[in-house]
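**Q** Below is a structure I'd like to ask you about.
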There are 4 protein chains.
Amino acid sequence: MPKFDVETLRQKPPSSFVVERDVRFQDVDAAGIVFYPRVLEYFSDAFIAYLGHSGARLADAVREKRWGAPLRHAEADYFKPLRYGDRIEVALVRAHVEECELTVGWRVARCSDGIVTCVGQTVHVFVDMRDFRRCPIPDELRQAFHALPG
Amino acid sequence: MPKFDVETLRQKPPSSFVVERDVRFQDVDAAGIVFYPRVLEYFSDAFIAYLGHSGARLADAVREKRWGAPLRHAEADYFKPLRYGDRIEVALVRAHVEECELTVGWRVARCSDGIVTCVGQTVHVFVDMRDFRRCPIPDELRQAFHALPG
Amino acid sequence: MPKFDVETLRQKPPSSFVVERDVRFQDVDAAGIVFYPRVLEYFSDAFIAYLGHSGARLADAVREKRWGAPLRHAEADYFKPLRYGDRIEVALVRAHVEECELTVGWRVARCSDGIVTCVGQTVHVFVDMRDFRRCPIPDELRQAFHALPG
Amino acid sequence: MPKFDVETLRQKPPSSFVVERDVRFQDVDAAGIVFYPRVLEYFSDAFIAYLGHSGARLADAVREKRWGAPLRHAEADYFKPLRYGDRIEVALVRAHVEECELTVGWRVARCSDGIVTCVGQTVHVFVDMRDFRRCPIPDELRQAFHALPG
């Protein structure tokens, strides 16, 4: 099901959607590095930010029971540990758009030195929020994701 | 890097390590289903439980700066949404053991009807906690993971 | 609004509802001690466990849109830091029951040495889940909380 | 131990430190409103932001084992439920500075209508990170917190 290979995701394409953020005090675990599921939260936060940026606020869609985009698959590769105090950029670097399904490629880099610390991809299925059945990707999102490299 | 295919992970082998738990009130998101990174937290909790069950408490290893087992890769496939109130079993169903690296296969099923809701796999690298360099898997863990189907 | 003083909460009364649990790997922060809002999650988990123990599953009440018990007030006092690897008992030690409102007193102690590390209290308002308006505490819960020292 | 009354905290003083943020998709619980310990995470995030804003990065202090500011007490009053999609401002509205201890007053308001949804206060003890013993509040922070209304 994954659409992108790790080496492709490590590259930053000319166009991408980037969110900068800090690793939070509470994002680490007892080994002193970012607890690995937190990186998937970073992906989720950036995904939702891109929906909003594209004119499709998830909060409205969910409240009005129009559509949602639950996950069918998620994966991440971790190259370097992230630590509290690191500032990172989370970039949505790739998108593969199908009728009801969307695969998104992610790249996380440390701002201080540009080192890529993780990559990943998430496969979202668009569903009608009334019955959780598959539905076509809303048009404004289809266009927004087509604008990213496939 | 993944070692197991999704169909293998869906099967429950004769021997596995199982933790039962409830989906918590705070594990869901605004769409009313389990927020997908929480499933990776379930994997992590069960992994650490198995370490302890095998005589290698992670808390001691980390405090004494002996070893840790950070992630190199993690992935999950989601078949059915989990909801608040679901009781689930998180099973460690497969393990592939190398010198310093361990791949663990996961299977999550709803207790009420036995339906498999998610599977996944995590690749852990054992490191010396003093310098985060690779180290061999501790012997007691090597044996414990060899006891699971490969 | 708080009903209990800190010294009262430090004492373990003859009857209380106790949940034992481990501080999780991901419950700490970058200073290496339990991130303070996690203690309120421990209160919440134990509160919900007591509802279920008393025959009133919150999951059913919420799903059937009968009642909920959102917070009006929460507080905690922290005496000793908790660390990863600590096993703790979270005890519901006091309850003050009113028509629509319930104040619950909490006591967290380390299992290894019995030291009280935190106490707290939470004020819950019972509401009809259809409109979030106040409603009387369900009878089975009224009885269950009256059974605890006031 | 609390220094501020609820009515004082509801008022926005002429000078305060404000962080705007969105309620996140994963901040709600199965009742569809913000899970109450998340509000204390909002306080923590804003507290750490103010430390950085005042020239005292917590990440550096913790990494260099200089000082930390663990909690002795935390409390919150909840007036209105927050929901996913709400944009809020978290304001540090009051500070009471002692030798080693700091009480901070919080006010959370919805940006759309200005309604105050929660207030709270947190009591931080400054400690030497090498031994967790009390130490004086660093000078730059003493000044920064004195600049806020007491």
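**Q** Just to confirm the number: angle between the C-alpha axis of helix A:36-53 and the first principal axis of chain A, 0 to 90 degrees, nearest 10?
**A** 50 degrees
**Q** Still on this structure: Which whole-number percent gives the relative contact order of chain D, counting Cα pairs below 8 Å spaced six or more residues apart?
**A** 30 percent
**Q** For the cross-link pairs A:3/A:80; C:80/D:65; C:3/D:3; C:65/D:80, which exceed 21 Å when the distance is taken from alpha carbon to alpha carbon?
**A** A:3/A:80, as the Cα separations exceed 21 Å there.
**Q** Find me the longest stretch of chain C that has none of the exposed GluC sites (Glu not before Pro), where exposed means in a DSSP loop (not H, G, I, E or B) with at most 16 other Cβ atoms within 10 Å. Let's see the in-between values first.
**A** Details: sites that count: C:64, C:98, C:99.
Formally, the longest exposed-site-free interval is C:1-63.
**Q** How much net charge surrounds residue C:147 when only other residues with a Cβ under 14 Å from its Cβ are counted (Lys, Arg +1; Asp, Glu -1)?
**A** 0
**Q** Next question. Quick one: grab the alpha carbon gyration tensor of the range D:63-116, order the square roots of its eigenvalues as a ≥ b ≥ c, and give me rounded if a/c is under 1.5, else prolate or oblate depending on whether a/b is larger than b/c.
**A** Verdict is prolate for the range D:63-116.
**Q** Ok, one more. Put a label point 7 Å from Cα along the Cβ direction on residue B:79, then list its distances to the equivalent points in the other copies in nm, shortest first.
**A** For residue B:79, the inter-copy label distances come out at 3.5, 4.9, 5.0 nm.
**Q** Provide the net charge surrounding residue B:44, with neighbours chosen by a C-beta distance below 9 Å and charges set as Lys +1, Arg +1, Asp -1, Glu -1. Spell out each step's value before the answer.
**A** Working: positive: C:24; negative: A:29, B:41, B:45.
My count for the surroundings of residue B:44 gives -2.
**Q** How large is Rg over Rh for chain A, taking Rg from the Cα atoms and Rh as the Kirkwood inverse mean of 1/r across Cα pairs?
**A** Using only Cα positions, Rg/Rh for chain A is 0.98.
**Q** Send over the semi-axes of the protein assembly as shown's equivalent ellipsoid, whole angstrom and largest first, taken as the square roots of 5 times the C-alpha gyration tensor eigenvalues. Walk me through the numbers before you get to the answer.
**A** Details: eigenvalues 251, 156, 154 Å².
Equivalent ellipsoid of the protein assembly as shown: 35, 28, 28 Å, largest first.
**Q** Let me ask another. Would you mind calculating the relative contact order of the range C:71-129 from Cα pairs under 8 angstrom and at least 6 residues apart, reporting the percent as a whole number?
**A** Across the range C:71-129, relative contact order equals 42 percent.
**Q** Additional query: Exactly which chymotrypsin sites (Phe, Trp or Tyr not before Pro) in the range D:66-137 are in a DSSP loop and have at most 16 other Cβ atoms within 10 Å?
**A** Answer in residue order: D:79, D:132.
**Q** Continuing with this model, one more query. Lys and Arg at +1, Asp and Glu at -1: add these up for the other residues within a Cβ distance under 11 Å of residue C:118 and post the number.
**A** Numbers: positive: C:10, C:38, C:80, C:107, C:110, D:72; negative: C:75, C:77.
In short, +4.
**Q** Under the convention of a label 7 Å out along Cα→Cβ, give the distances in nm from residue D:113 to the same position in every other copy, shortest first.
**A** Label-point separations across copies, in nm and ascending: 3.9, 5.1, 5.1.
Bear in mind that the values in this text are calculations on the coordinates, not laboratory data. In this text, all values refer to a predicted model and were calculated from it rather than measured experimentally. Ideal geometry is used to build each Cβ from the backbone, glycine not excepted, and the neighbour counts take in all protein chains shown.
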